[in-house]
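To keep things clear, I will list the structure first and then write my remarks on it.
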Number of protein chains: 2
Amino acid sequence: MTYEELYRQIRHKQSYLCVGLDTDIRKIPAHLHAEPDPVFAFNRQIIDATAEFAVAYKPNIAFYEAQGPRGWESLRKTLAYIPETCFTIADAKRGDIGNTSDLYARTFFDPTAAGLDFDSVTVAPYMGHDSVTPFLTYEGKWVILLALTSNPGSEDFQLLATGPQPLFERVIQTAQTWADHNQLMFVVGATQAGQIGRIRQLAPRHFLLVPGVGAQGGSLAEVSRYGLNDHGGLLVNASRSILYASDGRDFARRAADEAQKLQREMAGFLSYEL
Amino acid sequence: MTYEELYRQIRHKQSYLCVGLDTDIRKIPAHLHAEPDPVFAFNRQIIDATAEFAVAYKPNIAFYEAQGPRGWESLRKTLAYIPETCFTIADAKRGDIGNTSDLYARTFFDPTAAGLDFDSVTVAPYMGHDSVTPFLTYEGKWVILLALTSNPGSEDFQLLATGPQPLFERVIQTAQTWADHNQLMFVVGATQAGQIGRIRQLAPRHFLLVPGVGAQGGSLAEVSRYGLNDHGGLLVNASRSILYASDGRDFARRAADEAQKLQREMAGFLSYEL
């Protein structure tokens, strides 16, 4: 999906909601365990219930890996089920030396490898340019680079001063020498809303993927106020607050309610911006 | 495996060789493609041929992931085939917020999850303490944290000055507040031999996992000179130079020759140290 296509979806749906498919088999409603693939059965209903309110879906790969080979099968089916009009993110936080990042890129972008065809993958920056650029050789595919994350540990290294700037700002600036806003986004935690204005200055056109709204406590209003640009420029992720809104048979309807609530708030913020 | 057990294996085998099982299905000898699981068939013969010379095996997870579910099956069988006396490393370079790192830890350490029971996993430090500590809750299991890697991109961020020190030194120092040498190792590329002496000062007792000897051009003599301590303290990895020493039917014998050559050099360096 291109930058302009993503923008069109945001305008069309009046939403920049990304639904995080962090599907934990220990947390899904009990009645789904009778299904042949409970994780996929859950995801399918979540996708059906939320697709009109969301422009993106982000399976966190850890949740599938922890199930072994059958988890990868659930992931493949889930990805195939997501509507073409939605942007897809493999939240994998990969990154290795060049010849290995090549393989990670094949895994997530080349359907003849592992049966997956994501639009994007999240990548950790620590190993530098040759750990990131192999993902950029796929036309129309994106790297979403960790910059400033939503967790307490973000303070350990991301905020260290490197000369006049914290490390995460160096990451944002250096990475822009590798790719432009058509192939590169940044992860910025919603719990770091105070920094989003500064990041918007450093990367005016880039999309920011913002986790941490909901269970982690970030504010959608704050993130939107500082982060929106004239193409939307945000994908705000919610996972647990949508997926586990109910643990009963009404889980999909309740997920839809939560997604719709966020979409309506987003429509309000977009009306000021677009 | 404990620190002392690993040391005993090093003394016993007179080796600190780690064989990197970066098994690329496109590079294995043609005759193996007739096997039901060519990757496992290759790995089994490599392990049989090298086990007397190696103290550790390190499958790089990217190579298995890129095969989808059957790759995870090859990985599971490979891990089960590695002798108990060898230390096993999931070279996965994972790292995510706490509840997600929990799942990555389960994937690699809890055999009831994905069928895997590695001794250790490589972890990227960018997301800080809560991305690393979930791996440390498993008794007898290890985190091998990226510090200074062997690739060209290591210069982009790892060498940035953060106050008086480069970032990778801060990583080494900060991580020692999370775990001691009984559960924590560091990745230091062999191409960075000039830095190994300094790292040995910062982390005198910790094992260093050193990739980059062989195909990437690092010097075993240099690494050993600056890196060995009174418990060995090094695991030096070779992958491509062993795995692909021959692409014919003699691949396993040629792999054994390469492994033995490295082991003999190592025995020489150990005789000065232990």
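The values are calculated or read from the model by the stated rules, or taken from the named source; none is laboratory data. Everything quoted here is computed from the prediction, not taken from an experiment. Methodologically, a virtual Cβ is constructed for each residue, glycine included, from the backbone with ideal geometry; neighbour enumeration extends over all protein chains shown.
Across region A:69-90, what is the total count of residues that are crowded, with 21+ Cβ neighbours inside 10 Å and more than 17 Å from the chain's Cα centre (by Cα)?
3
Within region B:144-158, can one find any residue that is more than 8 Å from every other protein chain (Cβ to nearest Cβ), of a type outside the set (A, V, I, L, M, F, W, C) and over 26 Å from residue A:164 (Cα atoms)?
no
If residue A:67 meets every condition in (1) in contact with a Phe, Trp or Tyr (Cβ under 6 Å, 6 or more places away or on another chain); (2) over 21 Å from residue A:140 (Cβ atoms) apart from one, which number is that one?
(1)
Output the helices (runs of 4 or more DSSP H) that fall wholly within region A:1-89 and possess 3 or more residues being away from chain B (no Cβ under 14 Å), or say none.
A:3-13, A:38-50
Any idea how many residues of region B:116-136 are farther than 20 Å from residue A:160 by Cα and out of contact with any Phe, Trp or Tyr (no Cβ under 9 Å at 6 or more places or on another chain)?
1
Tell me, please, whether a residue that is charged (D, E, K, R) and more than 18 Å from the chain's Cα centre (by Cα) can be found in region A:205-221.
No, every residue in region A:205-221 fails to be charged (D, E, K, R) and more than 18 Å from the chain's Cα centre (by Cα).
Yes/no matrix, rows are residues, columns are (1) surrounded by 24 or more Cβ atoms within 10 Å (Cβ to Cβ); (2) under 19 Å from residue B:101 (Cβ atoms); (3) over 21 Å from the mean Cα position of the chain (by Cα); (4) among the basic types (Lys, Arg):
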| site | (1), (2), (3), (4) |
| --- | --- |
| A:147 | yes, yes, no, no |
| A:160 | no, no, yes, no |
| A:165 | no, no, yes, no |
| A:174 | no, no, yes, no |
| A:179 | no, no, no, no |
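Only one of these is of a type outside the set (A, V, I, L, M, F, W, C), closer than 30 Å to residue B:171 by Cβ and at pLDDT 95 or above: A:134, A:111. Name it.
Unique residue meeting the criteria: A:134.
Taking residue B:107 as the residue in question, decide whether it is within 17 Å of residue B:62 (Cβ to Cβ), in a helix (DSSP H, G or I) and within 10 Å of chain A (Cβ to nearest Cβ).
In short, yes.
If residue A:206 satisfies all but one of (1) within 14 Å of another protein chain (Cβ to nearest Cβ); (2) closer than 18 Å to residue A:10 by Cα, what's the number of the condition it fails?
With (1) within 14 Å of another protein chain (Cβ to nearest Cβ); (2) closer than 18 Å to residue A:10 by Cα applied to residue A:206, the lone miss is (1).
Taking the stated definitions as given, is residue A:102 within 12 Å of chain B (Cβ to nearest Cβ), surrounded by fewer than 23 Cβ atoms within 10 Å (Cβ to Cβ), of a type outside the set (Ser, Thr, Tyr) and outside any loop (DSSP other than H, G, I, E, B)?
When the stated conditions are applied, residue A:102 passes them.
Could you check region B:174-185 and list, in sequence order, the residues that are in contact with a Phe, Trp or Tyr (Cβ under 8 Å, 6 or more places away or on another chain) and not polar (S, T, N, Q)?
B:175, B:181, B:184, B:185
Residue by residue through region B:1-34, note down the ones that are more than 16 Å from the chain's Cα centre (by Cα) and under 28 Å from residue A:101 (Cβ atoms).
Passing the criteria: B:24, B:25, B:26, B:27, B:28, B:29, B:30, B:32, B:33.
Is it fair to say residue B:117 is at the interface with another protein chain (Cβ under 10 Å from one of its Cβ atoms), modelled with pLDDT of 95 or more and assigned to a loop (DSSP other than H, G, I, E, B)?
no
I need the full set of residues from region A:122-134 which are buried (at least 19 other Cβ atoms within 10 Å of the Cβ), more than 7 Å from chain B (Cβ to nearest Cβ) and either in contact with a Cys (Cβ under 7 Å, 6 or more places away or on another chain) or within 10 Å of residue A:98 (Cα to Cα) (or both), in order please.
If the condition is that a residue be buried (at least 19 other Cβ atoms within 10 Å of the Cβ), more than 7 Å from chain B (Cβ to nearest Cβ) and either in contact with a Cys (Cβ under 7 Å, 6 or more places away or on another chain) or within 10 Å of residue A:98 (Cα to Cα) (or both), then A:132, A:134 are the ones that fit.
Among the listed residues B:40, B:53, which satisfies the condition of being within 16 Å of the chain's Cα centre (by Cα), of a type in the set (Phe, Trp, Tyr) and within 24 Å of residue B:258 (Cβ to Cβ)?
Answer to the check: B:53.
Going through region A:7-42 one residue at a time, which ones are in contact (Cβ under 8 Å) with a residue 40 or more places away in the chain, over 21 Å from residue A:73 (Cα atoms) and not hydrophobic (A, V, I, L, M, F, W, C)?
Across region A:7-42, the qualifying residues are A:7, A:9, A:11, A:13, A:14, A:15, A:16.
Looking at this structure, is residue A:199 of a type in the set (Val, Ile, Thr), more than 14 Å from chain B (Cβ to nearest Cβ) and closer than 29 Å to residue A:24 by Cα?
no
What is the residue count in region A:149-179 for residues that are out of contact with any Leu (no Cβ under 8 Å at 6 or more places or on another chain) and closer than 17 Å to residue A:122 by Cα?
Residues flagged as out of contact with any Leu (no Cβ under 8 Å at 6 or more places or on another chain) and closer than 17 Å to residue A:122 by Cα within region A:149-179 amount to 4.
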